[in-house]
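Quick notes on the structure that follows.
The values are calculated or read from the model by the stated rules, or taken from the named source; none is laboratory data. As the structure is a prediction and not an experimental result, all values here were calculated from the model. In this analysis, Cβ positions are derived from the backbone assuming ideal geometry, glycine residues included, and neighbour counts consider all displayed protein chains. These area figures cover heavy atoms from the full protein model, side chains too; ligands, DNA and RNA do not enter into them. Shrake-Rupley method; radii C 1.70, N 1.55, O 1.52, S 1.80 Å.
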Amino acid sequence: MANQVSFDTIPSSIRVPGRYIEFNTRNAVRGLPQNPQKMLLVAPMLSAGKQAALEPVQLFSDADAADLFGSGSWAHRCVTQAFTNNAYLDLTVIGVADAEAGVAATGSVTFTGTATSVGVATVTIGGTAYQTSISSGDTAADIATRLRTVVNVPDTQVTAAGAAGTLALTAKNKGAIGNEISVSATCTASDISFAVTAFASGDVNGDIGPALDVVAGKRYQVICSAFTDDANAAKLSDHIEAVSNAIEKRGCIGVMGWRGTLATGTTFAGKLNDGRITVAWYKKAIEGNAVIAAGYAAVLAYEEDPAKPLNTLEVKGLTVTPDSDWPLYAEFNSALYNGLTPLEVKSNKVQIMRAVSTYTTNATGTDDPALLDITTIRTLDYVRDAVDQRIALRFPRDKLSSKTPRRVKSEILDVLLKCEDAEILEEVMANKNLLVVQRNGSDVNRLDAIIPADVVNGLHVFAARIDLYL
């Protein structure tokens, strides 16, 4: 006997003659869902910003970032960096106010002497150069006075003060994040010398916890944090775990940056050990961790194919470091074994070497490469989304009979095969027998499934032997 046709809107009790035709759109979608990447940026703002702290705002360019978050704030710098790397980015930003107990980082450049030739004095702060010309006879105090004027412009991350030949610099945003502002100086005039004091003493960052709570119910595929202190990193990890679980299903990854040494970076990543967090390491970068993270996150958000490696993609807006600061092969390899994503300089561009997660060991402390590449968890998120969409479309209000598991299994298999066609999964038919859909033994209204997902891996290593014949 043929299957009985079921209707959603046409009752079976109709006796009035007529032609009754409804529309069924449940089977309309036969392909895979799109994979747009929404990015959330959480970064420090200034009290001068027009946007209220902890209030998310969607941006489509960096044009308003200075007004919204305060000119020269970390949020301003990060938004600019994000759009530099992805002009079509779907970006939401939450500004975080400085902690009430926060202390601003300070640094300085002190000039001495009197110029005996013309030249230029340059002070580079956070990757931005500030210059003044020098005439013969200019004193150190003359040079420092002019530089204070040059530095004290709205976009600068710091304010400049001081007396005599000292350029005293104070970070606009309070907190330990200010210690990441780099400062250097050069001078081409004769008989002028200088001494640089690096930024330090910044303490107590703002708290990203309340910002993440505000958006806990919304889906963002990429969440970028400007902060890299342990407390905020742990809160980011906890938030991502909470929204990405089997109940919430809003899978996402967290992104941070690191400009310090390999040793400090691997220690930081090791504390996280999270398959959903990736940390871009750019050794001795001129820009701060926040700027590194913003650019890297925007590049990740640009790639909608979850399985495609990020190798060789450029992170724009980062200053090329001197050759002497470039990591050796052993350092790159160690970084990849310890949960850091190295950025390297190739053809005068800063590029992603290989994007990995911070997850390296399981709960017993055993080495576990299951979630090594950040593409793995992104692929699993996509497959979950695709299966979830198909079940929601095909079975919105179906009855559960002995025939239902077979129909559900057929739809899931179709999704997996389409994922194989898109080179997101592989060996689907070989694993077909591992696909299980069955009625739950305790709940008569529930179906349980086991879905095998052999993710497509990235081509990261090619090894060959060249045999010589004479």
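Within the stretch 445-467, residues that are farther than 30 Å from Lys399 by Cβ and outside any loop (DSSP other than H, G, I, E, B) have Cβ atoms under 8 Å from residues that are aliphatic (A, V, I, L, M) and open to solvent by 60 Å² or more (accessible area, probe 1.4 Å) in these pairs: Val455/Leu380, counting only partners at least 6 apart in sequence or on another chain.
One line per residue, one yes/no per condition, for (1) under 26 Å from Ile240 (Cα atoms); (2) assigned to a helix (DSSP H, G or I); (3) in contact (Cβ under 8 Å) with a residue 60 or more places away in the chain:
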position	(1), (2), (3)
Ile377	yes, yes, yes
Val383	yes, yes, yes
Ala386	yes, yes, yes
Ser401	no, no, no
Pro405	no, yes, no
Ile412	no, yes, no
Cys419	yes, yes, yes
Met429	no, no, no
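Highlighted here are the strands (runs of 3 or more DSSP E) found entirely within the stretch 150-244 that include at least 3 residues which are open to solvent by 10 Å² or more (accessible area, probe 1.4 Å): 158-161, 166-171, 183-187, 192-200. If you scan the stretch 28-52, which residues turn out to be closer than 30 Å to Asp421 by Cα and open to solvent by 80 Å² or more (accessible area, probe 1.4 Å)? Scanning the stretch 28-52 gives Arg30, Gln34.
In the condition set (1) surrounded by fewer than 24 Cβ atoms within 10 Å (Cβ to Cβ); (2) without any contact (Cβ under 8 Å) to a residue 60 or more places away in the chain, Gly257 is compliant with all but (1). Filtered by the rule that a residue be in a loop (DSSP other than H, G, I, E, B) and among the acidic types (Asp, Glu), the stretch 298-355 gives Glu303, Glu304, Asp305.
Across the stretch 87-121, which residue is most open to solvent (accessible area, probe 1.4 Å) among those that are in a strand (DSSP E or B) and closer than 11 Å to Ala189 by Cα? Result: Thr114.
In the stretch 133-142, the condition of being of a type in the set (D, E, K, R), at pLDDT 95 or above, surrounded by 21 or more Cβ atoms within 10 Å (Cβ to Cβ) and not in a loop (DSSP other than H, G, I, E, B) is met by no residue. Just to be sure before I move on: is Thr228 at pLDDT 95 or above and more than 23 Å from the chain's Cα centre (by Cα) in the structure I sent? It is false that Thr228 is at pLDDT 95 or above and more than 23 Å from the chain's Cα centre (by Cα). Counting residues in the stretch 273-285 that are surrounded by fewer than 24 Cβ atoms within 10 Å (Cβ to Cβ) and under 25 Å from Ile125 (Cα atoms) gives one or more. Assessment of the stretch 204-217 against the conditions (out of contact with any Ser or Thr (no Cβ under 6 Å at 6 or more places or on another chain), more than 30 Å from Gly270 (Cβ to Cβ) and without any contact (Cβ under 8 Å) to a residue 60 or more places away in the chain) yields at least one matching residue. Looking at the stretch 313-330, can you tell me whether even one residue there is of a type outside the set (D, E, K, R) and within 24 Å of Ile424 (Cβ to Cβ)? There is at least one residue in the stretch 313-330 that is of a type outside the set (D, E, K, R) and within 24 Å of Ile424 (Cβ to Cβ).
Looking only at the stretch 320-339, decide whether some residue is within 15 Å of the chain's Cα centre (by Cα) and surrounded by 15 or more Cβ atoms within 10 Å (Cβ to Cβ). Yes, the stretch 320-339 has at least one match.
Among the residues making up the stretch 201-224, a single one is of a type in the set (Gly, Ala, Ser), touching a helix residue (DSSP H, G or I) at 6+ places or on another chain (Cβ under 6 Å) and closer than 29 Å to Leu169 by Cα: Gly202.
Looking only at residues that are of a type in the set (A, V, I, L, M, F, W, C), within 19 Å of Lys349 (Cα to Cα) and more than 10 Å from the chain's Cα centre (by Cα) in the stretch 291-319, which one is most open to solvent (accessible area, probe 1.4 Å)? The residue in question is Leu313.
On inspection, Leu393 passes the criterion of being open to solvent by 30 Å² or more (accessible area, probe 1.4 Å) and outside any strand (DSSP E or B).
Got at least one residue in the stretch 53-76 being surrounded by 10 or more Cβ atoms within 10 Å (Cβ to Cβ), within 30 Å of Asn289 (Cα to Cα), aliphatic (A, V, I, L, M) and modelled with pLDDT under 95? Checked against the condition, which is being surrounded by 10 or more Cβ atoms within 10 Å (Cβ to Cβ), within 30 Å of Asn289 (Cα to Cα), aliphatic (A, V, I, L, M) and modelled with pLDDT under 95, the stretch 53-76 yields at least one hit.
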